[in-house]
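Q: The structure that follows is given in the form of structure tokens.
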Amino acid sequence: MAVTTRLTWLHEKILQNHFGGKRLSLLYKGSVHGFRNGVLLDRCCNQGPTLTVIYSEDHIIGAYAEESYQEEKYASIILFALQETKISEWKLGLYTPETLFCCDVTKYNSPTNFQIDGRNRKVIMDLKTMENLGLAQNCTISIQDYEVFRCEDSLDERKIKGVIELRKSLLSALRTYEPYGSLVQQIRILLLGPIGAGKSSFFNSVRSVFQGHVTHQALVGTNTTGISEKYRTYSIRDGKDGKYLPFILCDSLGLSEKEGGLCRDDIFYILNGNIRDRYQFNPMESIKLNHHDYIDSPSLKDRIHCVAFVFDASSIEYFSSQMIVKIKRIRRELVNAGVVHVALLTHVDSMDLITKGDLIEIERCVPVRSKLEEVQRKLGFALSDISVVSNYSSEWELDPVKDVLILSALRRMLWAADDFLEDLPLEQIGNLREEIINCAQGKK
């Protein structure tokens, strides 16, 4: 049976972040391997930097060794105390593992300011050390259990290689993607969501991945009125061969529960393909049928094939009741219109305690999972319909981990668009295919 840590997810993340974003790999657990110093040293020496975590009835304390423990050799030790979500530390100095773990006090000139005595289940430290760690003035702490972890890079070479291979596979799949039944040449995806959620940033991020460098074609901002005031349809060229990719990302004015957001009627004109690129939105009223940017008879290629609701992970909990009602109403109308839609959760990398290593398996990350469940609970999206991304904002270089999240979200949108096309009435599909054949043969 696998040996598991006693640390909660939160406490583990606090320790990881405090000691350089390292991943903790459990080497030794007193209650499992026995409170014997010989066993501890056999399992923990020559393992690189280690973190010892000691559990008492009232405290979580421990020691971080910056260098690998080696028999009778000194390592620089940093003590810490973890109290709720706050951590304090004290640089203890150079100790041998035999001295630190109180292996043989008769053989080694053992200092008295800090020692871990596993055999007698106690930690001994002087008053100054207790004071520096912010602990109560009790020189002896009883040990309930203690664990030693190897501190590893959160992204080791094997994981990085796997991420790069996955990125390559996703790029290939998206470059060669063909819409269902070849009914259209390019899928149109409408990005819809509250002002400032990251819609334009997502487009910029997708374009960056395919261009091979960070780009900012669409203006982005953080003000409360948003930046996107025009309807934009963005085709993206592949930086590899210069060809247009088989999808178009459509950006619009953000949703707002107050004045200044996208008109509800305009949403459905967009869905139906009635609005041209660069139409200037009027937040006070929807487009007029006689407007020069109004398309009277749109075809399937002009319609929206998938809607992606974009939400800022940090703002979900602050959604007003008006915003929740508005989003739910739009979702109901999309369902009635037969339009498939998914959700996109942005800015997850700005959440507390999230590290780059977490982005590899982001949906398993406890706080991100909590956000996904909150979107499900408040807005009704199935968990399988919610993607998580970290957009490019201030970065200068591409990151394969971010790229994988962005490309995975885009692939999910294209799958949803295929569902929409496949669900079209058979008669309509037949007519469309006849038109495509006629166009190809030059009969139209």
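The values are calculated or read from the model by the stated rules, or taken from the named source; none is laboratory data. From a predicted model like this one, the values you see are computed outputs, not experimental measurements. Glycine also receives a Cβ, built like all others from the backbone with ideal geometry; neighbour counts cover every protein chain displayed. The protein model used for the area step is the full one, side chains on, heavy atoms only, and it has no ligands, DNA or RNA in it. Shrake-Rupley method; radii C 1.70, N 1.55, O 1.52, S 1.80 Å.
Q: When N is the residue count of the chain, what does its C-alpha Rg come to as a fraction of 2.2 N^0.38 Å?
A: On the way: Rg = 28.7 Å, N = 444, 2.2 N^0.38 = 22.3 Å.
Taking the Cα Rg and dividing by 2.2 N^0.38 Å, one obtains 1.28.
Q: Got a sec to turn the phi values of segment 230-240 into Karplus ³J(HN,Hα) couplings, 6.51 cos²θ - 1.76 cosθ + 1.60 with θ = phi - 60°, whole Hz, x for Gly and Pro?
A: In residue order, the calculated couplings are 10, 7, 10, 10, 9, 8, 10, 8, 6, x, 6 Hz.
Q: I've got another one for you. Using +1 at the Cβ of each Lys and Arg and -1 at the Cβ of each Asp and Glu in the chain, identify which of ALA382, ALA337, LEU405 lies farthest towards the dipole's positive end.
A: Final value for the positive-end residue is ALA337.
Q: OK, next. Probe 1.4 Å, all protein chains in place: accessible area of GLU84 in Å², nearest 10?
A: Taking all protein chains as shown, GLU84 has close to 150 Å².
Q: Also, quick follow-up: Expected output is a single nm value to one decimal: the length gained when fully extending between ILE164 and PHE35, i.e. 0.36 nm times separation in residues minus the C-alpha distance. What is it?
A: Working: separation 129, 0.36 × 129 = 46.44 nm, distance 4.25 nm.
Difference between extended and current length: 42.2 nm.
Q: Please give the FRET efficiency for TRP396 paired with ASP238, using the beta carbon to beta carbon distance and R0 = 30 Å, rounded to the nearest 0.05. Don't skip to the answer; put the middle values down first.
A: Working: r = 22 Å, r/R0 = 0.72.
The calculated FRET efficiency here is 0.85.
Q: Computing the accessible area with a 1.4 Å probe over protein heavy atoms, can you report the carbon and sulfur percentage for the chain? Display every interim value, and only then the final one.
A: Details: 10320 of 21930 Å².
The value for the chain is 47 percent carbon and sulfur by accessible area.
Q: Let me ask you something else. Scaled to the compact-protein estimate 2.2 N^0.38 Å, what is the alpha-carbon radius of gyration of segment 177-316, rounded to two decimal places?
A: Normalised Rg, Cα atoms only: 1.05.
Q: A further question on this structure: Nearest 500 deg cm²/dmol is fine: what mean residue ellipticity at 222 nm does the chain get from its DSSP H runs of n ≥ 4 alone, each adding -39,500 (n - 2.57), divided by its residue count?
A: On the way: 12 runs with 142 residues, N = 444.
Counting only the DSSP helices, I get -10000 deg cm²/dmol.
Q: Report, for the chain, the % of DSSP beta bridges that are antiparallel, rounded to 5. Don't skip to the answer; put the middle values down first.
A: Working: 47 of 66 bridges.
So the antiparallel bridges amount to about 70 percent of the total.
Q: Please calculate the 1.4 Å probe accessible area of GLU229, with all protein chains present, and give it to the nearest 10 Å².
A: Surface open to solvent at GLU229 totals about 100 Å².
Q: Counting only residues 5 or more places away or on other chains, whose amide H sits under 5 Å from the amide H of PHE247 once H atoms are built in the peptide plane?
A: ILE187, ILE236
Q: Further question on the same structure: Nearest 20 debye, what's the magnitude of the dipole of the chain about its Cα centre given +1 on Lys and Arg Cβ and -1 on Asp and Glu Cβ? Can you show the working numbers first?
A: Numbers: 54 positive and 58 negative charges, 141 e Å.
With only Lys, Arg, Asp and Glu charged at Cβ, the dipole is about 680 debye.
Q: Something else now. At 1.4 Å probe size, with every protein chain present, just tell me what the per residue accessible area of the chain comes to in Å². Before the final figure, lay out the partial values.
A: On the way: 21930 Å² over 444 residues.
So the chain comes to 49 Å² accessible per residue, rounded to a whole number.
Q: Quick one, could you list the DSSP H helices from the chain stretching 24 Å or more along their long axis (Cα atoms) with average Kyte-Doolittle hydropathy of -1.0 or above?
A: Working: long enough: 157-175 (27 Å, -0.21); 400-422 (32 Å, 0.51).
Long hydrophobic helices here: 157-175, 400-422.
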